[in-house]
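Here the structure is laid out as structure tokens; the discussion comes afterwards.
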Amino acid sequence: MARSDTEQLDTSYQTEALIAEDIDAYLEKHQHKSMLRFITCGSVDDGKSTLIGRLLYDSKMIFEDQLAALEADSKKVGTQGQEIDFALLVDGLAAEREQGITIDVAYRFFATEKRKFIVADTPGHEQYTRNMITGASTADLAIILIDARQGILTQTRRHSYLAHLIGIKNLVVAVNKMDLVGYDQAVYDKIIADYAKFATEIGIENFTPIPISGLAGDNITSVSPNTPWYDGPDLVAHLETVELTNTVNRTKPLRMPVQWVNRPNLDFRGFSGQIASGTIKPGDEVRVLPSGRRSSVKSIVTMDGELDEAVAGQSVTLVLADEIDCSRGDVIAAADAPPQTADQFETTLVWMDENEMLPGRSYWMKIGSQMVSATVQTPKYQINVNNMEQLAAKTLELNGIGVAELATDRQIVFEPYADNRDLGGFILIDKLTNATVAAGMLHFCLRRSQNVHWQAVDVDRNAHALQKNQEPRVVWFTGLSGSGKSTIANMVEKRLHALGKHSFLLDGDNVRHGLNRDLGFTDADRVENIRRIGEVARLMADAGLIVLTAFISPFRAERQLVRSMLPEGEFFEVFVDTPLEVAEERDVKGLYKKARAGELKNFTGIDSDYEVPRNPEIRIDTTRTSPEEAAELIVNKITGIWSYTI
Amino acid sequence: MNLTHLQRLESEAIHIMREVVAEAEKPVMLYSVGKDSAVMLHLAKKAFYPSPPPFPLLHIASGWDFQALLDHRDRTAKEIGMELIVAHNQEAADAGINPFDARAGVYSQQMLIDPLKQALTEHGFDAAFGGGRRDEEKSRAKERIFSFRSSSHRWDPKNQRPELWKLYNMNKAKSESIRVFPLSNWTELDIWQYIHLEQIDIVPLYYAAKLPTVKRDGLLLVVDDERMRLEEGEVPEEKVVRFRTLGCYPLTGATESSAATLPEIIQEMLLATSSEREGRAVDHDATASMEKKKQEGYF
């Protein structure tokens, strides 16, 4: 330790001398630093805190007053006797964590002569998988820490897999605590050989192994004489020279998601965004997706003047030569190598919410600057992050990682995540809670979505409806079990029939026994149940029918989903509003009694929620309105005849 | 050519600001007129050029602001052509709340925090840019770039959204609002280097000048106007001083310094042996919590 400290003092002395003697020269030098973002993977036991603390300390990011406090703390509570306990620099935060701030991603900063570094520090245990994914999503590099005395552990495999999954190409395998194994090359070689075998198995192509001691400072900021058998760079030298992601992205074709249209006056129309990949010059041919319209770049506008060239990572404003449609969510791309558009994909999902994934439910999906509705299929499999085994799964829970198909409600511009993080990485957002529930990575689009183009049939939904002399409708009855949905829906259908209207009633009897007989009553099954009914109802509406549905349909999100499938004005939500105690008292089918007795699980109103409609088209208060009156009101409303009777 | 660290930080901040303007209904920029605010405003000009930044500036004036800061504020807003909203708790001022008599917590609650909340609610701003940086203090290291507030402007640190890649989820309930920190990943040195590189105009108080001062409670205070209440035996003394941070003048300590140019300021900062917040009571939190753990028998 004494040795590396002396060397460190030398470098910092030179820097200080330059600052003191020629600040302008210093500034000139330091303005040209590049930036590397990395994540450290490991737990406190692996010496992660000590390593980060040492990096901060050696780069002089700690002031004298803080150092004095650290020295005092080290003597009082440290684990290193009279020496400085670097872990205390970082673990000060652990105390705060216990005081109520989430165990989470913390970002730390330090700089050397060549680069500025941002370290994402995340806890290493399995219950923090989502935190590690979050920290890794912006990282250029990951340091996998291995305790030399322990070798490769389950968590080593997990961290490596997650770093690989998120697409980090630069992996450093730092075998730490070499001082505790007597700097034994055999120990190191064995660990690296084991790791190489495992890495190949999961598809990691290469990694950089370094033997270190965070505590003693070996191979951190200078090559250590204690490991003469190691001929690679020290850790900081490697971090200072490793190739950056945005440099790599520059060689790929141009992609720029449009964030904002800049239109200060009628004479200027610019498209603002951050270049995701490639380079661009005035005169370059571009294509705007998804429309596919072509133009060329007239100028690259910035406040510092027009640019001759802009590269991946820069935020710019492009002016195109032609007046073409282009707005937020579109992607400006190289004309000769445009990205694909599609609406069905295979994806890897990392579930990040306390509420499990509901296959079939509609979520918001944000990808680049595009925001669309998306539904996820039942996972093909879930991945055990400790041994990479594929497990059968019906859903994904918090921290679950799985592969699932996903469909969007319209074509989106995308690239496989492996080719482009900006156009292949996405988040899913719950439409009701607004929470970010999942992070996802697109693998590829499914062939069927590329090939299935909507047939422009001659007999369209308009023709169907005209022939029947009516407007298609989906009249969606929702309410508690026993609220009177089926009773009223039946009466409505009779009246419609009498009026010569073409209708069809979907209810539990004709759906649960056939189309949906494979579904039970869990939340996930309820969602799928309603989704299928919604699809059937939509097809029937396309055929020109007035469709009546009578299902509890307890969740707002699914009712909203069905509403969104239909043209505006065709969906009528009828809330059959019967208080729970009234429905329970009626208990026509004796179900409430069974549920109360615990014989029926997941019964709406008892041990499963009913989400009351916020703005139904029609609300029927069955404690004040008879079924006959309700039916008349509904028929009049859906056929457009206004009634004065109620 | 690699992008430099400052170019990457600049590009990230611009990207964040454009996302907010594209998705928020009514954004605003909190403008404290300090060095971080100056950088943030400069980045906003760049993000939307040739349009002026499409949101107003909001300054919370305690009534005890340095005159030089107010002058700089008005001149800057006018030059860029941005709307400037000044929020001030006149009621509290009329009730006699001042920095000399009120307890520090009460004073900042009444003159800074309350008028901020009021202004945000009154104007219906749903997103507010702030100049906070993660390197400022340890708990900030974990706050998100997009930080949500309930209808009563409370932060729930246990319920933060994960921020993946550069995808920010701005969906929220109508009553909620968002604080957005585009400078999250900047350090103090980055801020100064950027000011130097971009030649950003900052409040003259950051540069050393001869000013009338009094020493009180370990702080070197500048007598900015005649309202400065002198204690018995205090006689203002001319000293060459500058400020490292700016707040209400009766509460903000200056440092004796001859740094009158940006390179000199940066030089002084780099060679400084104490952290920016030295002398503030909050600084030794970490030590205190370690102590507490020790008392609880943790070790």
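State, to one decimal in nm, how far the label point of A:Asp189 lies from the label point of A:Glu21, with both points 7 Å from Cα in the Cβ direction.
Going by the 7 Å Cα→Cβ label model, 4.6 nm.
What average number of partner chain Cβ atoms lie no more than 10 Å from the Cβ of the residues making up B:8-20?
Shielding by partners across B:8-20 averages 5.
Among A:Phe603, A:Val248, A:Phe38, whose Cα lies farthest out toward the positive end of the dipole of chain A, if unit charges sit on the beta carbon of Lys, Arg (+1) and Asp, Glu (-1)?
After comparing all options, I get A:Phe603.
Accessible area lost on pairing B with A, both sides, 1.4 Å probe, Å² to nearest 100?
Counting both chains, the buried surface is close to 7300 Å².
Counting DSSP beta bridges with both partners in chain B, what percentage is antiparallel, nearest 5?
60 percent
Testing the spin-label approximation: label points 7 Å from Cα along Cα→Cβ at A:Asp304 and B:Phe100. State their distance in nm.
The modelled label-to-label distance comes out at 4.9 nm.
Round to the nearest 10 and give me the degree value, 0 to 90, for the angle of helix A:87-98's Cα axis relative to the longest principal axis of chain A.
With both axes taken from Cα atoms, the answer is about 20 degrees.
So which GluC sites (Glu not before Pro) in region B:1-90 pass both tests, a DSSP loop state and at most 10 other Cβ atoms within 10 Å of the Cβ?
Taking region B:1-90 and a limit of 10 other Cβ atoms within 10 Å, the loop GluC sites (Glu not before Pro) found are B:Glu25.
What shape does region A:508-568 take by its C-alpha gyration tensor, where a ≥ b ≥ c are the square roots of the eigenvalues and a/c under 1.5 counts as rounded, a/b above b/c as prolate, and the rest as oblate?
In terms of gyration-tensor shape, oblate.
For chain B, with a Gaussian network of springs between Cα atoms less than 10 Å apart, report the residue from B:Val203, B:Val214, B:Val180 with the top mean-square fluctuation.
Among B:Val203, B:Val214, B:Val180, the largest GNM mean-square fluctuation belongs to B:Val214.
Projected onto the charge dipole of the protein assembly as shown (+1 at Lys/Arg Cβ, -1 at Asp/Glu Cβ, origin at the Cα centre), which of A:Val582, A:Thr375, B:Leu112 gives the Cα projection farthest towards the positive end?
The one lying farthest along the dipole's positive direction is A:Val582.
For region A:340-451, what relative contact order do you get, as a whole percent, if you take Cα pairs closer than 8 Å and at least 6 residues apart?
38 percent
Taking chain A as the reference, fit the longest principal axis to its C-alpha atoms, fit the long axis of helix A:185-202 to the helix C-alpha atoms, and give the angle between the two in degrees, 0 to 90, nearest 10.
20 degrees
Per-residue Cβ counts within 10 Å, from other chains only, averaged over A:553-559: what number is that?
Across the residues of A:553-559, the mean count of other-chain Cβ atoms within 10 Å is 0.
Exactly which chymotrypsin sites (Phe, Trp or Tyr not before Pro) in region A:166-241 are in a DSSP loop and have at most 12 other Cβ atoms within 10 Å?
A:Trp229
Toward the positive end of the charge dipole of chain A, about the Cα centre and with charges on Cβ (Lys, Arg +1; Asp, Glu -1), which of A:Thr112, A:Ile552, A:Thr317 goes farthest?
Of the listed residues, the answer is A:Ile552.
Of A:Lys366/B:Lys166; A:Lys116/A:Lys177; A:Lys114/B:Lys46, which ones are farther than 18 Å apart at the Cα?
Result: A:Lys116/A:Lys177; A:Lys114/B:Lys46 exceed 18 Å.
Suppose every K and R has +1 on its Cβ and every D and E has -1 on its Cβ; what is the size of the dipole of chain A about the Cα centre, in Debye to the nearest 20?
With only Lys, Arg, Asp and Glu charged at Cβ, the dipole is about 2540 debye.
Size of the dipole of region B:200-280 about the Cα centre, Lys and Arg at +1 and Asp and Glu at -1 on the beta carbon, nothing else charged, in debye to 20?
With only Lys, Arg, Asp and Glu charged at Cβ, the dipole is about 180 debye.
With an 8 Å cut-off on Cα pairs and a minimum separation of 6 or more residues, tell me the relative contact order of chain B in percent.
In percent, rounded to a whole number, it is 18.
Please compute, for peptide A:114-123, the average count of beta-carbon atoms on other protein chains lying within 10 Å of each residue's beta-carbon.
2
With a/c under 1.5 counting as rounded, go ahead and sort region A:540-646 into rounded, prolate or oblate using the C-alpha gyration tensor (a ≥ b ≥ c being the square roots of the eigenvalues; past the cut-off, prolate if a/b is larger than b/c, else oblate).
oblate
How high is the relative contact order of chain A, given as a whole-number percent (alpha carbon pairs under 8 Å, six or more residues apart)?
8 percent
Could you tell me how many degrees, from 0 to 90 and to the nearest 10, lie between the Cα long axis of helix A:154-165 and the main elongation axis, the longest principal axis, of the Cα atoms of chain A?
70 degrees
Checking the a/c ratio against 1.5 first, then a/b against b/c, what shape does the Cα gyration tensor give for chain B?
Rounded shape, in that the Cα axes give a/c under 1.5.
By accessible area of protein heavy atoms, probe 1.4 Å, what ranking do A:Ser213, A:Ser564 get, highest first?
A:Ser564, A:Ser213
Against the empirical 2.2 N^0.38 Å scaling, what ratio does the C-alpha Rg of region B:200-280 come to?
1.10
Between region B:112-135 and region A:106-151, what is the separation of their alpha carbon centroids in Å?
Taking the Cα centre of each part, region B:112-135 and region A:106-151 sit 32 Å apart.
Would you work out the Kirkwood radius for chain A? I mean one over the mean of 1/r across all pairs of different Cα atoms, in Å.
Here the Kirkwood hydrodynamic radius works out to 29.2 Å.
Out of all DSSP beta bridges with both ends in chain A, state the antiparallel percent to the nearest 5.
65 percent
Under 5 Å between amide hydrogens, which residues at least 5 positions from A:Ile39 or on another chain qualify, with H placed 1.01 Å from N in the peptide plane?
Long-range HN contacts for A:Ile39: A:Ala120, A:Leu141, A:Ala142, A:Ile143.
With every protein chain kept in place and ligands, DNA and RNA left out, what is the accessible area per residue of the protein assembly as shown? Probe 1.4 Å, answer in Å².
Per residue, the protein assembly as shown has 43 Å² of solvent-accessible surface.
Under a Cβ-only charge scheme (Lys and Arg +1, Asp and Glu -1), can you give me the dipole magnitude of region B:5-189 about the Cα centre, in debye to the nearest 20?
660 debye
A:Val350 accessible area, nearest 10 Å², 1.4 Å probe?
Surface accessible to solvent at A:Val350 totals approximately 0 Å².
Among the chymotrypsin sites (Phe, Trp or Tyr not before Pro) within region A:541-646, which fall in a DSSP loop and have no more than 15 other Cβ atoms within 10 Å of their own Cβ?
A:Trp642, A:Tyr644
The values are calculated or read from the model by the stated rules, or taken from the named source; none is laboratory data. Every value quoted in this text rests on a predicted model; they were computed, and no experiment measured them. Glycine also receives a Cβ, built like all others from the backbone with ideal geometry; neighbour counts cover every protein chain displayed. With ligands, DNA and RNA removed, areas are computed over all heavy atoms of the protein, side chains included. Shrake-Rupley method; radii C 1.70, N 1.55, O 1.52, S 1.80 Å.
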